[in-house]
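Encoded as structure tokens, the structure appears first; notes follow it.
What follows draws every value from the coordinates through simple rules; no lab data is involved. Every value quoted in this text rests on a predicted model; they were computed, and no experiment measured them. Virtual Cβ from ideal backbone geometry, glycine too; neighbours counted across all protein chains shown.
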Amino acid sequence: MDRTLYVVLLLIALCSVSECVQRQYHFINVLKTWTEAQRYCRENYTDLATVDNMNDMNELKKSVNVGGVWIGLQNTGVDKWHWSSGEPALYLNWANGQPEGGGQSCAVMRNGRWHKEGCSESLTFICSSSNNNKLILIKENRTWSEALKYCRQNHVDLVSVHSVEMQRRVMNVVKGASTEEVWLGLRHSCTVGLWFWVSGETVCYQNWAIDDSDQCESAVRSGAVQSGGDQRWISRPENNTLNFICSNYE
């Protein structure tokens, strides 16, 4: 089998069977409506609980041993369920016969299964956080390799953006940048035609501005995020000098 095709298939398999997003779940033993719970989670964690796969679901069930808790699943009335983070609900774990009827509603977990519930009910809830990383904007202009070295010497690593939740955090941080683009820990390999995070995480979530992600030139390409506009990712020669974001443990 061609080497490039083999690596592509391997990474696709990793995305499908591994947890691309390492979430932690936090049971909050306070009664709130769904909207109040969402506000609390966003202020204190990342968001109301998001569940993308069976691994997430197993972790979610470990976090609570009571019935009737809000999760971050909502239907705004167009019969399409989505997560509080804005992500589409691709993985579902409804109880038999659920969800019943249409209209605006929210989801509650009972005995490990999801049920439709009126959003104005007061229930306990589960927050999620994508990781315990603190994001630090470094307002110094450095090449990508210099930025990587700085982050590893002074913090943990150049930041990896592996979910909509982390992208939202990055968007808030880069507003203070002094350059139009800001380095991420994203690197391109022309040998196999793939992008990878230097932290070792699989690139499952992507947020490219334009389709220039596969360009191969004399200069090695690395990934940056726009500090203005819609703050999407762009490919830049690694010898450009930009601000950058380091990650560190809180």
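If you average over every viewing direction, what projected area does the convex hull of the Cα atoms of the stretch 24-129 give, in nm²?
Numbers: hull surface 23.0 nm².
Spelled out: convex hull of the Cα atoms, projected over all directions, averaged, 5.8 nm².
Please go through the stretch 72-160 and write out the GluC sites (Glu not before Pro) that DSSP classes as loop and that have at most 14 other C-beta atoms within 10 Å. Can you show the working numbers first?
Details: sites: Glu100, Glu117, Glu121, Glu140, Glu146; in loops: Glu100, Glu121.
Filter output for the stretch 72-160: Glu100, Glu121.
What is the extension gain from Ala209 to Asn96, computed as 0.36 nm multiplied by their sequence separation minus the C-alpha to C-alpha distance, in nm to one decimal?
On the way: separation 113, 0.36 × 113 = 40.68 nm, distance 4.09 nm.
Difference between extended and current length: 36.6 nm.
For His26 and Asn239, what does the FRET efficiency come to when R0 = 45 Å and r is the distance between their Cβ atoms, rounded to the nearest 0.05?
On the way: r = 42 Å, r/R0 = 0.94.
For R0 = 45 Å, the calculated efficiency reads 0.60.
I'd like the FRET efficiency for Tyr150 and Glu43, computed as 1/(1 + (r/R0)^6) with the beta carbon distance as r and R0 of 22 Å, rounded to 0.05. Can you show the working numbers first?
Numbers: r = 31 Å, r/R0 = 1.41.
Computed FRET efficiency for Tyr150 and Glu43 comes out at 0.10.
What full-extension length gain, to one decimal in nm, is calculated for Glu140 and Thr191 as 0.36 nm per residue of separation minus the Cα-Cα distance?
Details: separation 51, 0.36 × 51 = 18.36 nm, distance 3.06 nm.
Result: 15.3 nm gained on full extension.
If amide H atoms are built 1.01 Å from N in the plane of the peptide, which residues on other chains or at least 5 residues away come under 5 Å of the amide H of Cys119?
For Cys119, the qualifying residues are Cys106.
Kirkwood Rh and Cα-based Rg: tell me the resulting Rg over Rh for the stretch 85-147, rounded to two decimals.
Values: Rg = 19.8 Å, Rh = 15.9 Å.
Taking Rg over the Kirkwood Rh, I get 1.25.
Output needed: percent of Cα pairs per 5 Å distance bin for the stretch 59-180, bins running from 0 to the one holding the longest distance.
Spelled out per bin, shortest first, that is 2, 9, 16, 17, 14, 10, 9, 9, 7, 6, 2, 0.
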